[in-house]
Structures are given as C-alpha cells and as structure tokens.
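Worksheet for the structure shown next.
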Amino acid sequence: MSKRALPGKRLEISLDQNASISLYKQLYERLRSEILTGQLEAGTRLPSTRVLSSELGVSRNTTALAYEMLLLEGYIESRVGDGTRVAHLQSEQSFRGDQHTTDSSETPQAVLARRGQLLIKESSSEEFFTDRANQSTSAFRSGQPDVAAFPYEVWARLVAKHTRHSLQAVSCYQDAQGYAPLREAIAAHIGITRGVHCSPEQIILTAGAQGALDLVARALLDPGDLAWVEDPGYEGARGALLVAGAKLVPVPVDREGIDVESGRQLCPKAQLAIVTPSHQFPTGVTMSLSRRLALLEWARETQAWIIEDDYDSEYRFSGRPLEALQGLDNARRVIYIGTFSKVLFPSLRLGYLVIPTELLKGLIATRRIIDRHLPLLEQLALADFIAEGHFARHLRKMRGLYRERRNALIEALTQEFGEMLDIIVPEAGMHLVAWLPEGMSAQRVVQQASAHGLHLLPLSQPSQRPFQRDGLLFGFASASPEELRAGVKTLALALGKM
C-alpha cells in the first residue's frame with residue numbers, strides 16, 4: 001500500500017548566482033541531498049516549478065531542469081493533476097544520513113572483507129618503494145635500481161621494430177605461458193648463471209615477481225592452509241598468501257637464513273614456504289648450505305612446496321653468483337621466481353616462474369582465469385634484448401656501479417657513525433642492513449630522517465615479532481656515491497637532534 005501524500009513544505013534553499021556550477025545543478029543537488037538524508041520525506045508534495053522559481057528568484061527553466069533530472073533518476077514522481085512528490089525510494093532507511101555516510105575519510109575496514117583489511121597492514125611500506133616526484137633525494141631507497149643507466153635507445157629501437165613488423169601477427173590471444181622465444185632465452189640464461197634446471201616449457205611469464213607469487217598462492221593453497229614465511233620477510237609475499245586465504249607461520253631468520261628447525265617446531269605440516277635464499281629480504285644474509293639442505297629435506301618429507309624468490313641475486317659482487325636452491329632440488333619441490341624489474345626497470349613488470357612439470361596444467365589454467373596472458377610487445381622486445389647481448393652487457397655494467405655504491409655507503413656510514421652501527425656487508429643485491437644499538441628506536445630514527453628528506457625503512461616494519469635490537473635498511477642502487485655520502489651526513493645531522 002502506498003503512503004499517504006504528505007503536505008507540501010516551503011523549501012529553505014539558497015542558490016549562489018556567482019558559483020561556477022550552474023543554478024539548475026545547484027538546485028538538483030540540494031533537493032537530492034535533502035531526499036537522501038530524509039529531510040524531504042517520501043510522499044512530500046513539492047512546489048510547482050512556477051512557484052519554486054518565484055520563491056528562489058530564478059527562471060522557470062532552472063527549476064524545470066532540476067525537476068527533470070530528479071524525475072529521470074527516480075527521486076521524485078509527477079502525475080497530471082496530482083503534482084510533484086518525493087518518490088518512495090527502495091531501502092529508504094539505508095540512505096539516512098544519521099546511519100551511513102560516504103565520507104572518504106571513513107576507515108575502509110567498514111566495507112572490506114577480512115582479507116582486504118589484512119592487506120592494508122601488509123602494504124604499509126608500499127609508498128617506500130613507489131617513485132614519487134616530490135622526493136628530495138634518491139639516497140637509501142630500497143628495491144629501486146638505477147633506471148637512468150638503462151639503455152633506453154636500444155630498448156626503443158626494439159620496441160619500435162616489433163610495433164612496425166610483429167604486432168599484427170600476434171594480435172590475437174596468445175599462449176598463457178608467454179612468448180616462446182623469451183622463455184627459451186630465460187631458460188638458457190638462468191641455466192648458466194643461476195644453475196636452474198629447466199626447459200622453456202616449465203616457464204610461465206608473469207607480471208613481475210609479485211604476479212608470480214600471487215599465481216602460485218592461488219593455485220596451490222586453499223583457505224586456511226598453512227604457509228611458512230620468513231620473519232622478517234617480504235611483505236609482498238605475505239600479501240599474496242593472505243589473498244589466497246592462507247594462515248601465515250612466521251619463521252625466524254638468523255645469519256644463516258630461515259631457521260628450518262624452528263619452522264618444524266612451529267608448524268611441521270605447512271603446505272609451502274616462501275624464502276629468499278640468495279639474498280634474504282630484508283636482512284641481506286645468504287642461506288647457508290646446511291640450511292638449504294635442511295629446507296629441501298623438510299619439503300621432501302612433508303610434500304610441501306618451496307617458493308624460491310630470487311629477486312636480485314644477479315647482482316653479486318664477489319665471485320660467481322651462488323646457484324639457486326632449485327638446482328639442488330632432486331624431489332621437484334622448488335618453484336623458482338625471477339624478475340626483470342630489479343635488473344632492467346620496475347615499470348616493465350615482467351617476471352617468471354619455473355615450475356615442476358606436474359604443476360603446469362593447474363597453474364596455466366589459473367593464469368587463464370586471472371588475465372589470460374601478459375601484453376606481448378614488451379616480451380618481443382625483451383627476447384631480442386637478451387638474444388642480442390644487451391642484457392648481459394647491462395648486468396655487467398650495473399654490477400660495477402652497484403659495487404662502487406655499496407662500498408661508498410659502507411665507508412660513509414663507518415666514518416660518520418663508527419661502531420654505533422653494526423653494518424652487515426652484503427655480497428649481493430641493492431641494499432644493506434645496519435643494526436642500531438640496543439634500546440635505540442628505529443622508528444624515531446626514521447621519523448627524524450624523514451624530516452630531513454631521507455627515506456629509510458626500519459627493519460622491524462617487515463617483521464612479525466618485536467626486535468630487542470632494531471635496524472635500518474639502506475638502499476644504495478638508485479643513488480650516486482656522492483648522493484649516498486651526502487645522505488649519510490644528513491642522517492648524522494638528523495640523529496644529532498634526537
């Protein structure tokens with residue numbers, strides 16, 4: 001049964017003749033707001049367009065246009081001989097302003113699922129890795145290669161070549177695993193440089209290492225499954241597991257890498273473990289051989305999967321890069337992840353998975369559901385970039401640059417802070433860790449540094465457990481030696497004010 005029409009009421013509305021928004025739009029928005037908040041109740045008779053235009057001192061066209069918009073959107077009803085009334089809105093009470101608002105400052109927890117709420121916490125350091133135009137210095141930024149040193153002229157030539165000659169031939173849907181010549185080039189490269197045993201058919205191209213983590217977690221885990229994560233460890237890995245509904249088991253990391261025995265005690269029957277054995281993130285340690293063998297033995301015994309995130313081991317500063325954990329695996333329990341984001345440029349968003357053959361069908365099916373396959377143009381260009389030798393030359397060049405920058409940072413930190421900082425000298429990668437004295441707050445150091453334009457990450461941030469002794473993560477790849485030395489001097493000035 002319809003509600004009885006309520007008597008009309010005088011509308012207390014004022015319009016701004018000088019505003020940039022038109023008068024009819026002002027009137028429409030004011031009436032719409034009063035209807036949604038319940039100030040104009042359903043069934044209330046509104047004044048005619050002629051009467052309202054007279055009351056407001058505007059033309060009748062203005063009121064007629066506002067009413068027409070409200071009528072079209074269902075906020076008002078109009079019948080010949082019955083006038084214009086506020087419509088009976090469905091779920092009227094849900095629009096009441098005293099119950100819900102759309103204020104953008106409202107916490108997202110009110111509308112997100114539990115997984116979404118957890119991801120907000122896990123992505124707390126995202127802005128640290130994101131390029132921002134207003135950053136005053138590039139010193140100490142972690143995970144950021146020196147993009148200025150990339151051979152863009154060569155890359156542009158390859159992209160242009162394939163844009164002109166190749167795109168039409170590959171414009172239909174493509175192989176979910178990725179461009180076959182690029183997979184062949186990757187298999188050859190990592191077989192020689194990383195000791196990874198695979199064929200091109202075992203490789204799936206992904207949107208960076210993060211896309212690889214997400215794909216594996218979706219395909220291998222059911223909600224509630226248990227997964228080991230390094231502690232401290234990469235927040236992106238934890239996020240991928242949370243999206244899949246996994247329960248995380250933080251396993252401590254020491255100077256030999258993940259503590260496998262602690263993992264066995266905490267959760268012996270986890271479905272998988274995500275590790276960074278060649279250059280642990282964030283501590284920078286390399287997993288010892290004994291720990292590697294112990295981890296592989298655990299996976300073989302329990303039929304668990306090991307996800308090896310080999311994110312920046314291409315940059316090893318002394319001797320030959322350590323072979324990947326995957327190369328030691330005789331039980332086919334290791335899934336290897338590599339990325340070009342750190343060795344070329346981050347916005348390329350190209351990474352890859354090397355997976356045991358028995359998992360291929362399931363992961364390819366999952367990939368097709370998620371996004372079918374990656375855009376192809378960059379894959380075509382990258383295949384040529386590797387085949388023509390540009391990739392190997394770029395790696396050699398960047399290893400020399402990063403070694404020089406690492407040494408400059410260590411020297412500057414030692415000169416300014418002496419024994420105050422316990423510096424862990426990395427043999428690979430693009431960052432190092434410096435431990436603070438016990439009782440010194442890394443968060444306070446970060447705040448002081450930020451006030452001086454420096455961007456540091458406290459080691460406790462990517463950790464699930466409190467530290468008795470906290471540390472700082474210093475990226476060195478994206479800044480010149482001069483910028484790093486200047487940054488250390490600025491940091492010393494900032495700490496002097498604590």
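The values are calculated or read from the model by the stated rules, or taken from the named source; none is laboratory data. Keep in mind the model is a prediction, meaning the values are calculated, not measured. Neighbour counts run over all protein chains shown; Cβ positions are idealised from the backbone, glycine included.
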I'm trying to understand the selection: among the residues of segment 449-487, which are within 22 Å of GLY429 (Cα to Cα) and over 28 Å from the mean Cα position of the chain (by Cα)? PRO481, GLU482, ARG485, ALA486
Which of (1) farther than 18 Å from GLN326 by Cβ; (2) outside any helix (DSSP H, G or I); (3) of a type outside the set (Gly, Ala, Ser); (4) at pLDDT 95 or above does ASP175 not meet, given it meets every other one? (4)
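One line per residue, one yes/no per condition, for (1) under 26 Å from the mean Cα position of the chain (by Cα); (2) under 30 Å from ALA428 (Cα atoms):
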position	(1), (2)
GLU153	no, yes
THR163	no, no
SER166	no, no
TYR179	yes, yes
HIS197	no, yes
GLU201	no, yes
ALA209	yes, yes
Residue, modelled with the highest pLDDT, within segment 12-53, restricted to residues that are assigned to a loop (DSSP other than H, G, I, E, B) and among the acidic types (Asp, Glu): GLU41
Total residues in segment 377-410, condition aliphatic (A, V, I, L, M), touching a residue at least 24 places away in the same chain (Cβ under 8 Å) and over 19 Å from PRO200 (Cβ atoms): 6
Which residues, taken from segment 300-349, are under 26 Å from TYR152 (Cβ atoms) and acidic (Asp, Glu)? ASP310, ASP312, GLU314
For segment 217-227, check the following and say yes or no: at least one residue is surrounded by 24 or more Cβ atoms within 10 Å (Cβ to Cβ) and within 23 Å of HIS431 (Cβ to Cβ). no
Name the single residue that is surrounded by the most Cβ atoms within 10 Å (Cβ to Cβ) among those in segment 449-498 being among the hydroxyl-bearing types (Ser, Thr, Tyr) and part of a helix (DSSP H, G or I). THR490
Evaluation of GLY439 against (1) in a loop (DSSP other than H, G, I, E, B); (2) at pLDDT 90 or above (one fails), failing number: (2)
Residue list for segment 42-79, filter: among the charged types (D, E, K, R) and either touching a Leu at 6+ places or on another chain (Cβ under 6 Å) or within 19 Å of ASP16 (Cα to Cα) (or both): GLU55, ARG60
